[in-house]
């Protein structure tokens, strides 16, 4: 029997089921919040409210190469053509949670690609109005111009494994998302579901899906496709598909699904689940987050419940990746809801995608999307070869968020713009820290653990860190220098002036590069050179060595290694014997989770919310700065919670530290308490206030992790003539494409991209 995993499959998000919860996004203007009753409740009167306007963050330092983000613009609906109109119809339903959720609608005749029109004429395809849902999704982005049909887009991918390739493909297009964020980063709008509401305590959520949706093979989409995924995959112990956070209450308990009709679905929880829409909007396609649906009419032939003659190892067809019953990225026969469907696939080499004639999205002029006929995804394993190929004009688009392209590559790429016939543009990363360093606060050695847990020790090392040197060397003076926070574009910070001031306080808390101050603090806590050898010792006089542990296959000369080298040099300059310590990548996670490593380095903290992914700031899983506390949080409420109390925490299975242990780190209890309160709090501002308290603890007793720069720009390489690819100046203040929350580049709808001269970009026979 397969072991069930209770999270999304995203490698980076190994969040425990106990870490359920989410974030409520601030709206950019007024809206209506409607309380819709559940079947057992009387109707409540609608509540009205206008959301506060986001405050304007201070300008962050950027290089001259990249334009500054523009000020917030009007709602995306404002740019609609005369034939398109904004109509109310979507709301959160939770008290004090207003949204802008007024989708753009289109009234008029639909238009389609000439190739599809020919198939309709030949009787091989239904007319376009029969292929689209009753109310198609209208892409609302204000920068979108009416495009031209035809051509292909070639993309390059340097992933060396199957998951990376799948990840790349799926984050390049929208499709399976019930709800989605709008480009302001703060607003939730419709997706496959065109409206939704909840009861007053957010225990019942009702979603109304678009009538007439169809899979890429023309088969009708219904709520049954969600129920098949839920009942026959998630709740089937033989299939490794665990309940996602989306289907958990704020207390972590699993909810239930109830079909109202073919296009209406209720999610029912035994405790408040106020952030359900935010979780649904955070992910797009299979592999990035929870699947949330499967084409029942196709997949049931591989399922034992519906076909008793399936093969013995039938569950493999439902595994990720490459399970042919559900993986539309590798199996051309598997239906999809994305703008393109798989035509040809060669593992490890390339995939070719063709227009989905049943795609459910249109532009503001009634044109069925996508404009582009074909997508071609090619694997180039060597990142340097990938960059070279692009500079030679061998691709049309490369996303620096997927590939190892950084501001440090600017000079080479800039020199080759004319030769390669492309432009280098920039999107905000949304990063909170850049490359991160953090200590293991659960290190087995008691003396070293006590020192690591001492805020003064970490504050001294933060003041000894020359971040400006790293900013100049690695990020070409882009972004804003930071002690280390969550994303500066997060809702918690931009909801009002108080939130913005709190962000700035956290960012600047131990930011100053001041070696003398660092030395003074170290002296105060007794970390001094007692034997005269030039290195500071522990307070008791024993040797002190700080190990900068990192995976041995970390690219030399890359972001992490340059940062680590700077840290080691800076700390040595104040008398700390710091040593770079490469660790074999095999078994790395096990060694960290069991508390055996002293420190680690990892990617930027880009998440825009504590409740969507709390692990950076609250130990709810073992991946970050208190791994054994995080492991304990995962067993809370299970029989393991009170087991093995008399066993050394590092020898437990799994290794874990709980409140009953003398090794317990007291600030963790406060963080847990605040987090547990926040994730069931229905009132948005009360919830955000609790999140602010979490941040304040990080300021007062941290830093728990050390960052470099926030919101440095991502490099995007775009072939000349490819239109509707947004520039940084097109985006609202909060527009961003960080992959932790917002899928990229799918969030900017490549289905609307088009060629100025499509005839020059045709597929070769």
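Here, each number is a calculation from the coordinates, and none is a lab measurement. This structure is a prediction, so every number in the text was calculated from the model and none was measured. Neighbour counts run over all protein chains shown; Cβ positions are idealised from the backbone, glycine included.
Quick notes on this structure:
- Taking packing as the residue-averaged number of other Cβ atoms within 10 angstrom, the listed peptides 461-468, 147-154, 481-488 run from highest to lowest as 481-488, 461-468, 147-154.
- Residues 338, 601, 670, ranked from the fewest to the most other C-beta atoms within 10 Å, line up as 670, 601, 338.
- Mean Cα-pair separation over length for region 473-627, i.e. relative contact order, pairs under 8 Å, 6 or more apart, %: 23
- Annotation: the residues 276, 600, sorted from fewest to most other C-beta atoms within 10 Å of their own C-beta, follow the order 600, 276.
- From least to most packed, judged by other beta carbons within 10 angstrom and beginning with the fewest, 239, 425 follow the order 425, 239.
- A simple packing score, the average count of other Cβ atoms within 10 Å per residue, orders the peptides 362-368, 340-346, 542-548, 224-230 as 362-368, 224-230, 340-346, 542-548, with the highest score first.
- Each Cα pair under 8 Å and six or more residues apart adds its separation to the average, and for region 436-710 the resulting relative contact order is 28 percent.
- Each part gets one Cα centre, and for region 514-558 versus region 659-718 those centres are 27 Å apart.
- Taking the DSSP bridge list for region 436-710 and keeping only pairs wholly inside it, about 50 percent are antiparallel.
- For region 596-678: relative contact order, % (alpha-carbon pairs under 8 angstrom, 6 or more apart): 23
- At an R0 of 41 angstrom, the distance between the Cβ atoms of residue 514 and residue 693 translates into a FRET efficiency of 0.90.
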